[in-house]
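Please treat every number below as a calculation from the coordinates, not as lab data. Values in this document were obtained by computation on a predicted structure and should not be read as measured data. Here Cβ is always computed from backbone atoms with ideal geometry, including for glycine, and neighbour counts include all displayed protein chains.
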Amino acid sequence: MEIQNLAMIGMGAVGAVVGIRLQKLLGKNMQCIVDAERKVRYERDGIFVNGKKTDFTWVTPEEARPADLVIIATKNAQLPQAIQNMSRAVGKDTMILSLLNGIQSERDLAAAYGDEKVLPAFVLSLNSIHEGNKIEYTDAGRLIFGESDNRKTERVQALCDLFSRAGIAYVNPEDIQLEQWKKYLINVTFNTLSALCRSPYGGFKYPVMQELARQTGAEVIAVANAEGIALTSQHLEDDLAMMCRHDPHGKTSMLQDMEARRKSENPWFCGTIVQLAKKHHIPTPTCALLEKLLAGTEAVREI
């Protein structure tokens, strides 16, 4: 089994960094699905990655062709539209990888196209800044993916082969669900606090930020455990140490969204934790407060 053609949706801070390597490998066999207005703009103005203009092949949803693999790298708020726009690219044997933050996108994609097509996936340690049509990155990170039941299947091997040929770092872990929740712990805890406190990574060296992180993270861990995921407090401590090793001036994606006055992924971070906690009758006062504070911050800036 070999992946010969691919479709991508979402060419922002994550999609462009991943996509540029795949485009070099596959050329015109990689199609980037965008609406008609974006197609005109991207073909006219281009996208620049680390100062170099890219040569992506832009197609509208109506022009999309069936692909062996569809990769989605939008924000969560754009996923419903992406699900519609990708329909022509999804054939009988198409695999779907979602690189979206959180734990909800795979469920939404499975509802639309079937569980059998969707493999859990995410990006770890990708460090990039997206401003207009310019994306700058210092670390391309690595892709984490696998079958939902952790089987080592032919299509998992096909993905490993594709990413190896494209020069993309990847991991096919023993437990993809645990790894996804470990990333989710980072999203809910550090993205949220950085956005509210307007803090770059360096802010997490301060005791007050670490205390807030531990309070938030403890609630995420409790919900994860209720969902059958073996997340622990040591995972949180490892995350804190990692944040303190990052470039102190680097910024989380949610902080970048807030500074650019874009809608954040708050509903899929603290919001999802609060909803899952209610199902399990688990109190999450910190996450509930952070969810409302972020929602309020976004609301009042429109005044």
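List the pairs from 205/251; 92/134; 92/183; 152/183 whose alpha-carbon separation is above 25 Å, in the order I gave them.
92/134; 92/183
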Restricting things to alpha carbons, find the Rg to Rh ratio for the stretch 92-243 using the Kirkwood radius for Rh. 0.99
Could you size up the charge dipole of the stretch 1-147 around its Cα centre, putting +1 on the beta carbon of Lys and Arg and -1 on that of Asp and Glu, and report it in debye to the nearest 20? 400 debye
Once a ≥ b ≥ c are taken as the square roots of the eigenvalues of the Cα gyration tensor of the stretch 222-277, is the result rounded (a/c under 1.5), prolate (a/b larger than b/c) or oblate (a/b not larger than b/c)? oblate
If you count the DSSP beta bridges with both ends in the stretch 1-152, what percent of them are antiparallel, to the nearest 5? 40 percent
Compactness index (Cα Rg / 2.2 N^0.38 Å), the stretch 1-44: 1.19
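Hey, what did the stretch 135-281 get for relative contact order, percent, Cα under 8 Å, at least 6 apart?
It comes to 25 percent, rounded to a whole number.
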Could you tell me the relative contact order of the stretch 1-70? Use alpha-carbon pairs under 8 Å, at least six residues apart, and round to a whole percent. 41 percent
Taking K and R as +1 and D and E as -1, what net charge do the other residues with C-beta under 13 Å from the C-beta of residue 116 add up to? -1
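Would you calculate the convex hull of the Cα atoms in the stretch 191-303 and tell me its volume per residue in Å³?
Once divided by residue count, the hull of the stretch 191-303 is 96 Å³.
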Sequence ranges 192-201, 293-302, 256-265, ranked by mean other-Cβ count within 10 angstrom, highest first: 192-201, 256-265, 293-302
Can you tell me the alpha carbon radius of gyration of the chain divided by the globular rule-of-thumb value 2.2 N^0.38 Å? 0.98
So if I place +1 on the C-beta of Lys and Arg and -1 on the C-beta of Asp and Glu, and nothing else carries charge, what would the dipole magnitude of the chain be about its Cα centre? I want it in debye, nearest 20. 640 debye
Of the DSSP beta bridges with both residues in the chain, give the percent that are antiparallel, rounding to the nearest 5. 35 percent
Taking a ≥ b ≥ c as the square roots of the Cα gyration tensor eigenvalues, with a/c under 1.5 meaning rounded and otherwise prolate when a/b beats b/c or oblate if not, the stretch 13-107 comes out rounded
Between the stretch 250-280 and the stretch 171-190, how far is it from one alpha carbon centroid to the other, in angstrom? 16 Å
Which of the listed residues, 66, 218, 130, is farthest toward the dipole's positive end in the chain, when Lys, Arg count +1 and Asp, Glu count -1 at the beta-carbon? 130
Using Cα-Cα distances under 8 Å and only pairs 6 or more residues apart, what relative contact order does the chain have, in percent? 15 percent
